[in-house]
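The values are calculated or read from the model by the stated rules, or taken from the named source; none is laboratory data. Being a predicted model, the structure only gives us computed values, none of them experimental. Counting neighbours? That spans all protein chains shown, and the Cβs are built from the backbone with ideal geometry, glycine included.
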Amino acid sequence: MGATTAQTTAALINAAPALKAGSLRFWGEWFGRPYDNVHRIAKCEAIGNVLVVDFDDGGKLEVTDPDGPKIDANTFQIRGASSVRWQWYYYGRPQTPGNLYYYEFKRSGTEITSTTNVDWCKPTLSPRGKDNACEIL
C-alpha cells in the first residue's frame, strides 16, 4: 500500500531543514490580523488521511486529505483538502479545555462551510475555494 497524501505531506514537513513561520490563512480567511502573529511548527505527523501539525504555542492544525503541498523554508501551502481545523488556546490564559477555540472549514464540491466556537465576538468567516486550503504567510 502506498503512502497517503497526509504521510507524503508530513514527510515533506519533517524533511525540511527550516520551515516557513508566520501568519495562518485558511481558504483566504486570516487567523487574526494579516501578518500580526508568527506561528512556528513544532512537530508533524500523519494519522490515516489527516495531517496533524502542532505549533510551538500549543496550536494544532488538522488537514484532512491534504493535496498539492508546497513546503520549504520560504513556502508553506497546501492547495486543497476536504477539511481544515485550526485550534488554539486563548492567548494569555491557561491552556485548559475551557480556553480551547477552533475554526473548522469543510469542503463539499466547490462550497466551503465554516464553523467556530469563538464566543468573545462574532467572526465573519468567508472562505473562498479558489485560495489555498491552508498556508503560512
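Some points to look at:
- Looking across the stretch 81-90 at every residue that is assigned to a strand (DSSP E or B) and at pLDDT 95 or above, the one that is farthest from Ala21 (Cα to Cα) is identified as Ser83.
- Among the residues listed as Arg93, Arg33, Arg128, the single one being basic (Lys, Arg), in contact with a strand residue (DSSP E or B) (Cβ under 8 Å, 6 or more places away or on another chain), part of a loop (DSSP other than H, G, I, E, B) and loosely packed, with under 14 Cβ neighbours inside 10 Å: Arg128
- Meets criteria (at pLDDT 90 or above and either of a type in the set (D, E, K, R) or within 21 Å of Ala21 (Cβ to Cβ) (or both)) for Pro97: no
- Residues that are part of a strand (DSSP E or B) and more than 23 Å from Thr96 (Cα to Cα), drawn from the stretch 46-62: Ala46, Ile47, Val50, Leu51
- Which listed residue, of Lys20, Lys43, Lys70, Lys106, is buried (at least 16 other Cβ atoms within 10 Å of the Cβ) and not in a loop (DSSP other than H, G, I, E, B): Lys106
- Test: Val52 is under 21 Å from Ser114 (Cβ atoms), among the aliphatic types (A, V, I, L, M) and at pLDDT 85 or above: yes
- Residues of the stretch 100-128 that turn out to be at positive phi and modelled with pLDDT of 95 or more, as a count: 0
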